1. Given the criterion touching a Lys or Arg at 6+ places or on another chain (Cβ under 9 Å) and farther than 18 Å from residue 97 by Cβ, identify the matching residue among 49, 62, 19, 58.
2. Can you tell me how many residues in segment 111-124 are over 17 Å from the mean Cα position of the chain (by Cα), touching a residue at least 24 places away in the same chain (Cβ under 8 Å) and either in a helix (DSSP H, G or I) or crowded, with 18+ Cβ neighbours inside 10 Å (or both)?
3. What are the residues in segment 33-49 that are under 14 Å from the mean Cα position of the chain (by Cα) and among the small types (Gly, Ala, Ser), if any?
4. For residues that are over 13 Å from the mean Cα position of the chain (by Cα) and in contact (Cβ under 8 Å) with a residue 60 or more places away in the chain, tally how many sit in segment 82-110.
5. Go through segment 1-28 residue by residue and tally those that are free of Cβ contacts under 8 Å to residues at least 60 places away in the same chain and touching a Leu at 6+ places or on another chain (Cβ under 8 Å).
6. Would you kindly identify the helices (runs of 4 or more DSSP H) lying entirely within segment 9-108 that contain at least 1 residues that are polar (S, T, N, Q) and either loosely packed, with under 12 Cβ neighbours inside 10 Å or at pLDDT 80 or above (or both)?
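The values are calculated or read from the model by the stated rules, or taken from the named source; none is laboratory data. These numbers were taken from a predicted model, which means no experiment stands behind them. Backbone-built Cβ (ideal geometry, glycine too); neighbour counts: all protein chains shown.
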Amino acid sequence: MCFTLLQGYWALWPYSDGISSSCMECSFFGDLFSASALPLVATGLLHLIYWRLKPRLILKTIFCVVTLMLCWYAIDTTIFDEREASWSTYDSIWYVGILVCILQTSIFGLLFGVVYYFLGRRLN
């Protein structure tokens with residue numbers, strides 16, 4: 001959850017002062033915090049599957065990083081849509097969303113992967 005909040009703040013900081021079109025009174029932190037439940041649930045489900053299948057650590061790491069990065073992309077695009085795109089005109093919200101968050105998602109995905117891999121090696 002910590003990685004999700006940090007990544008979201010970095011990627012969407014320019015839009016944090018904007019008003020959300022779905023909830024006029026909601027704060028940026030509240031939107032980001034509630035949206036961070038998605039990756040928490042997704043990685044939890046992955047770990048339940050891992051518990052049954054017992055794949056190698058490198059495969060666990062790759063699947064977790066890819067799942068987390070896809071969740072971050074969906075979260076960033078959704079919050080961008082609510083705070084910026086709903087008030088403006090954009091042709092392709094998903095393309096603009098990837099331009100907004102590609103650097104942050106890649107860096108935090110790599111950082112999470114390294115931490116996850118080394119913690120997994122230490123615990124096994």
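1. Numbers: 49 fails: touching a Lys or Arg at 6+ places or on another chain (Cβ under 9 Å); 62 fails: touching a Lys or Arg at 6+ places or on another chain (Cβ under 9 Å); 58 fails: touching a Lys or Arg at 6+ places or on another chain (Cβ under 9 Å).
Just a single option satisfies the conditions, and that option is 19.
2. 3
3. Start the filter on segment 33-49 by keeping residues that are under 14 Å from the mean Cα position of the chain (by Cα), which leaves 33-43.
Selection gives 34, 35, 36, 37, 42.
4. Here is the first cut: in segment 82-110, the residues over 13 Å from the mean Cα position of the chain (by Cα) are 82-96, 99.
From what is left, the residues that are in contact (Cβ under 8 Å) with a residue 60 or more places away in the chain are 82-84, 86-87.
The number of residues fulfilling the criteria is 5.
5. The number of residues fulfilling the criteria is 4.
6. On the way: elements: 28-35, 37-53, 57-83.
Fully inside segment 9-108 and qualifying: 28-35, 57-83.
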